[in-house]
Amino acid sequence: MDDERSMREFLEILLQRMGHEVRVAEGGAAGLDELQNREFDLVITDLKMPKVGGMRIVEETKKHHPDTEVIIVTAFATAETAISAMKQGAYDYLTKPFKVDEISAVIDRALEKRSLVRDNTTLRRELEERHRLEDLVGRSDEIKKVFDIIRKVAATTTSVLIMGESGTGKELAARAVHVLSKRSEQPFVPINCGAIPDSLMESELFGHVRGSFTGASSDKEGLFAAANGGTVFLDEIAELSQPMQVKLLRTLQERTIKPVGATKEKNVDIRVIAATNQALDEQVGEGNFRSDLFYRLNVIPLRLPPLRERREDIALLVDHFLRKFAAASGQKIRGVTPAAMALLARYHYPGNVRELENLIERAVTLNSGDEIDASALPELNRRANPTADFDVTELPKNGLDLDAHMSEIERELVMQAMDRTGGKRTDAARLLGISLRSIRYRLSKFGVDPAADDKSKS
């Protein structure tokens, strides 16, 4: 936009020859009207124009279209106005008269930057959608509440405590918070507090210096330092020892870390998201978890519902996982038979979404037709007809593998007890006449995570 006709015509011809679509505005006021009607990749404006000047154009453009680049051209150049224009967000500032090659180069660079920003925005949206929806697929009221909280907390920098049974998607929710936040281009570092030996935990989290202990032959950067600028996800936070809880609390309060053997602390900029499948407030009451650390982590609580509380999402999840695994295996599977869906809909899912995902992956592997039928879900078939596949007292003609047969009977009875008690391990153990420790061992043996505490379900 320019109030000089000759300059408008020159720039219009130049840009058209460069292959661009061009809109011309006769002065700043007309330019503002154009900006209200559509978004442009690039705005070229004169600095001094009647009524609405170039600095106002920069301000309004950046207010409504932050990614649009603006080039200012003027015959009245001063260092002060150039600096002011750049502070307002102008891409560049050219003094008239200028050479064709000069302004062409500036235009190319500005549009290249705009293209990169657009590509990054598109990629980020794709990542947002993938991390927001995968495994957290659903339209139930319960999962919609989860989505709403994730969107709200992502814009903040406060700590989040994610609570939920094993298999509900706690790490996925943490990744969604990270991807939707301003830290999305920085690292996301997941740490399983229950998988790292206590003797190594401090070194893993905070790093160490050479010679600080036997085997420390060189300096090592810890996971917190590796996540600097990004997000640390502390899964199974309840498994953290009391001494490490003290050190973590100090890091959260002071935003510093001290590598093992170091004499000085280092500043660190991280957002901490913690997760647990236990009732952490009860752990505090029992003296197993520090109350000050709990309150520091529990600034924003996020509860992920078990699958049995959002059964209307099962069909949607089945379809999602079916497409995922069919595409991965190169199979053309168009759906699930009504009989198979009935089995899937009735099941209790003590292992939650992760268990459903495993069932569908196994079904896709076993299936031979273009639909998943009940025969591809043998475990659910057995639970629906507990006497159909085996008779405890009758030996088959060709014999059997006794250990495998007894293991299958054991699994069937344990899972029936879990179904009957709504997934409460203490009640299921009582039905079977075994201890809570014993049922946890069996669930672990059968591939169902036994770590969820019954008290979190009551």
Pairs needed: first member in region 323-351, over 29 Å from Asp427 (Cβ atoms); second member anywhere, polar (S, T, N, Q); C-beta distance under 9 Å; at least 6 residues apart or different chains.
Phe325/Gln331; Phe325/Thr365; Ser329/Thr365; Gln331/Asn367; Ile333/Asn367; Ala340/Ser375
Could you check, for region 322-341, whether at least one of its residues is among the β-branched types (Val, Ile, Thr) and either under 19 Å from Met415 (Cα atoms) or assigned to a helix (DSSP H, G or I) (or both)?
no
Does region 364-381 contain any residue that is in a loop (DSSP other than H, G, I, E, B), at pLDDT below 75 and of a type in the set (Gly, Ala, Ser)?
no
Going through region 155-168 one residue at a time, which ones are at pLDDT below 90 and under 14 Å from the mean Cα position of the chain (by Cα)?
Ala155
Here, helices (runs of 4 or more DSSP H) confined to region 1-80 with at least 1 residues that are modelled with pLDDT under 80 and in contact with a His (Cβ under 7 Å, 6 or more places away or on another chain) are 28-37
Examine region 208-221 for a residue that is under 28 Å from Gln283 (Cα atoms) and either touching a strand residue (DSSP E or B) at 6+ places or on another chain (Cβ under 7 Å) or modelled with pLDDT of 90 or more (or both), and state whether such a residue exists.
no
Is it the case that Leu359 is within 27 Å of the chain's Cα centre (by Cα) and assigned to a helix (DSSP H, G or I)?
yes
Is at least one residue of region 181-195 at pLDDT 90 or above, under 13 Å from Arg271 (Cα atoms), assigned to a helix (DSSP H, G or I) and in the same structural domain as Ala279 (by TED's automatic domain parsing)?
no
Write out, first by first residue and then by second, each pair whose Cβ atoms fall under 9 Å of each other, whose residues are 6+ apart or on separate chains, and whose first residue, in region 276-299, is assigned by TED's automatic domain parsing to the domain that holds Ala174 and without any contact (Cβ under 8 Å) to a residue 12 or more places away in the chain while the second is in a loop (DSSP other than H, G, I, E, B) and of a type outside the set (A, V, I, L, M).
Val284/Arg290
Out of the residues in region 220-242 that are under 18 Å from the mean Cα position of the chain (by Cα) and in a loop (DSSP other than H, G, I, E, B), state the one that is nearest to Val177 (Cα to Cα).
Gly230
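The values are calculated or read from the model by the stated rules, or taken from the named source; none is laboratory data. Not measured: the values here are computed from a predicted model. Because the Cβ atoms are built from the backbone with ideal geometry, glycine has one as well, and the counts that use them run over all protein chains shown.
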